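One structure is given here, and the rest of the page talks about it.
The values are calculated or read from the model by the stated rules, or taken from the named source; none is laboratory data. Treat the numbers as computed from the prediction; the structure is a model and nothing was measured. No Cβ is skipped: glycine too gets one built from the backbone with ideal geometry, and neighbour counts run over all protein chains shown. Note: areas computed on protein heavy atoms with side chains; ligands, DNA, RNA excluded. Shrake-Rupley method; radii C 1.70, N 1.55, O 1.52, S 1.80 Å.
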Amino acid sequence: MHPRKGEDMKIGIIGAGNIGGNLTRRLTALGHDVSVANSRGPHTLTALAEETGATPVPVEEAARGAEVVVVTIPLKAVPDLPSGLLDGAAEGVAVIDTGNYYPRQRDGRIAGIEDEGLTESRWTERQLGHPVVKAFNGTYAQDILDRHRPEGDPERIALPVAGDDEAAKRKVRELIGELGFDTVDAGGLDDSWRQQPGTPVYGLRGGVQDVTKALSEASPERTADFRG
């Protein structure tokens, strides 16, 4: 008997930093078929592959056949991803964007975000040429390993999830539920400023009610710390 609802999925993870590495650890543990890629090449992922059973691949192959693709790289690196990255993905692939814009600390000034007023995930979506679902952007990487709880547990924390494609969003929310977290529908990508850095929900370890409240209290004004 399978201990889980749903079926094992083919999942591609692009970026093997803290979030990408820990999602690789948890998703393989749940029985999914995970391919993982980073900018430095598959040979640098040997240890992670041996630990988890994930398959290290070049970035160009990370999405091949995947039903879910996680893009978890610095925002400034998104335009450098190979074009046609998602061409070989499964039909109806859900693309999770975990990214955040840190203009002062890392990314430099991105005009589309600062001048056009695009949300960070809308900007990423334009670079990728494919709809994205924003999730995990305000989650501590260690919590992915340590804070997952069964459904109904009073200590189970909730993550906001934003996106325009309802089917993709549903798939992502089910996967997050399987990982051991509740979710809150944070609206479409144009509403996803509510979970960007500097907002009340960003880094919040709370349940559904706390997350819902924090989303409602967000201001669209980008704070000085997060302006380039």
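List of remarks:
- Using only alpha-carbon positions in segment 84-208, the gyration tensor eigenvalues give semi-axes of 24, 19, 12 Å once each is multiplied by 5 and square-rooted (largest first).
- Summing Cβ point charges (Lys, Arg +1; Asp, Glu -1) relative to the Cα centre of segment 126-219 gives a dipole of roughly 180 debye.
- Potential extension, residue 105-residue 50 segment - 0.36 nm per residue separation minus Cα distance: 16.5 nm
- Which of 175, 11, 144, positive extreme of dipole for the chain (C-beta unit charges): 144
- Rg(Cα) / (2.2 N^0.38 Å) computed for segment 1-158, rounded to two decimals: 1.05
- Electrostatic dipole magnitude of segment 37-174 [Cβ: Lys, Arg +1; Asp, Glu -1; Cα centre; debye, to 20]: 280 debye
- Partner lysines for residue 76 [C-alpha distance under 23 Å; skip if fewer than 8 residues away on the same chain]: 134
- Centroid-to-centroid separation of segment 109-144 and segment 33-57 [C-alpha atoms, Å]: 24 Å
- Distance between the modelled labels on residue 146 and residue 77, one decimal in nanometres: 2.4 nm (7 Å Cα→Cβ projection).
- Per residue, in Å², the accessible surface of the chain once ligands and nucleic acids are set aside, probe 1.4 Å: 47 Å²
- Fraction of beta bridges assigned by DSSP in the chain that are antiparallel (%, nearest 5): 10 percent
- Area of residue 126 that stays accessible when all protein chains are in place (1.4 Å probe, Å², to 10): 140 Å²
- The candidates 181, 226, arranged from most to least accessible area with a 1.4 Å probe in the full protein assembly, appear as 226, 181.
- Net lengthening on full extension, residue 223/residue 155 (0.36 nm per residue, minus Cα-Cα): 21.4 nm
- Here the accessible area is traced with a 1.4 Å probe on the protein chains. For segment 63-132, carbon and sulfur cover 42 percent of it.
- Estimated inter-spin distance, residue 115 and residue 91, nm [label 7 Å along Cα→Cβ]: 4.1 nm
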